[in-house]
Amino acid sequence: MRLDVVTIFPEYLDPLNVSLVGKARAHGRLDVHVHDLRAWTHDRHNTVDDTPYGGGPGMVMKTEPWGEALDTVLADGYEDGAHGPVLVVPTPSGRPFTQELAAELSTHPWLLFTPARYEGIDRRVTEEYARRLPVYEVSIGDYVLAGGEAAVLVITEAVARLLPGVLGNAESHRDDSFAPGAMANLLEGPVYTKPPRWRGHGIPEVLLSGHHGKIARWRRDEALRRTTAHRPDLIERCAPAAFDKKDREM
Ligand SMILES: N#Cc1ccccc1Cn1ccc2ccc(-c3cc(N)[nH]n3)cc21
């Protein structure tokens, strides 16, 4: 997968050099290019914003730098023989980012992120590129950030971990919260590791039993309990297998 990010804060994307995404890049599973939008300005102040038509607070990001930047990035990518990208626009007014959307984005060979700042990008930029590219406007939550770069980090990590070979243990995202399967849409249950006792806290006996069926049932029950407590809205989306009464009677 190729990822391009156009931003006025390229250093904000430095975390894409470490941990899971950094390893995926080192192993050639991800090809990440971060571009400074100001490279496509031509005035001595490297201006990327201006006052909003119709008045109002804040500033709006100008069309011209974005147009030049995206045309260049697209040309570079196509030269690399890449398939057409999808444009991913972080915005508070976008489609909620979910595990399902992460899985959908992970099927595309090229994601082109346009994290804005100020009050956003002049709408004509999105309209212009929507003429030739699929555009995903994505919200990572019902709160307002100061810009889209944090959203790019979140989206990139959630997508990268779904790419073949990126997660060490292929099982790791099998029981993810929200991943398909019997535990789909259930929140993670509690996890434990050595030492067996810590400051007077022990381990649930079932986890030391070696009885895999009982352990699996306990984990499912704990996931159901936590989901019911913290996200009852997810319960109706759970696979029927999550409520398998037969198991419970065992
Ligand atoms: N746009 C806008 C905007 C509109 C009103 C007030 C403040 C902003 C700041 N902002 C500028 C760029 C940008 C990108 C993404 C988010 C964003 C995403 C989620 N899920 N929350 N916030 C915010 C962003």
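Derivation of every value follows stated rules applied to the coordinates shown; laboratory data play no part. Everything numeric in this text was worked out from a predicted model, so none of it was measured. Ideal geometry is used to build each Cβ from the backbone, glycine not excepted, and the neighbour counts take in all protein chains shown.
Miscellaneous remarks
- Given their separation in residues at 0.36 nm each and the Cα-Cα distance between them, L207 and A229 gain 5.7 nm when the chain is fully extended.
- Residue order, fewest to most beta carbons within 10 Å, for W40, W198, W218: W198, W218, W40
- The residues neighbouring R237, those whose beta-carbon lies less than 13 Å from its own, together hold a net charge of -2 under the Lys/Arg +1, Asp/Glu -1 convention.
- Here the sum of -39500 (n - 2.57) over DSSP H runs of 4 or more residues, divided by the residues of the chain, equals -9000 deg cm²/dmol at 222 nm, to the nearest 500.
- Inter-label distance for E128 and F9, nm, one decimal - labels placed 7 Å from Cα along Cα-to-Cβ: 2.5
- Percent RCO, i.e. relative contact order, over the chain, from Cα pairs under 8 Å lying at least 6 residues apart: 18
- The trypsin sites (Lys or Arg not before Pro) of the stretch 23-130 that DSSP puts in a loop, and whose beta carbon has at most 11 other beta carbons within 10 Å, are R44.
- Shape class for the stretch 82-158, computed from the alpha carbon gyration tensor (a ≥ b ≥ c): oblate, with a/c not under 1.5 and a/b at or below b/c.
- For V152, V60, the sequence from fewest to most other C-beta atoms within 10 Å is V60, V152.
- Fully extending the segment from W198 to A75 would add 38.5 nm, taking 0.36 nm per residue of separation and subtracting the current Cα-Cα distance.
- 14 Å Cα-Cα reach of K23 towards aspartates and glutamates, excluding residues that sit fewer than 8 places from it in its own chain: D14, D31, E157
- Computing FRET efficiency as 1/(1 + (r/R0)^6) for E119 and T63, where r is the C-beta to C-beta distance and R0 is 22 Å, gives about 0.95.
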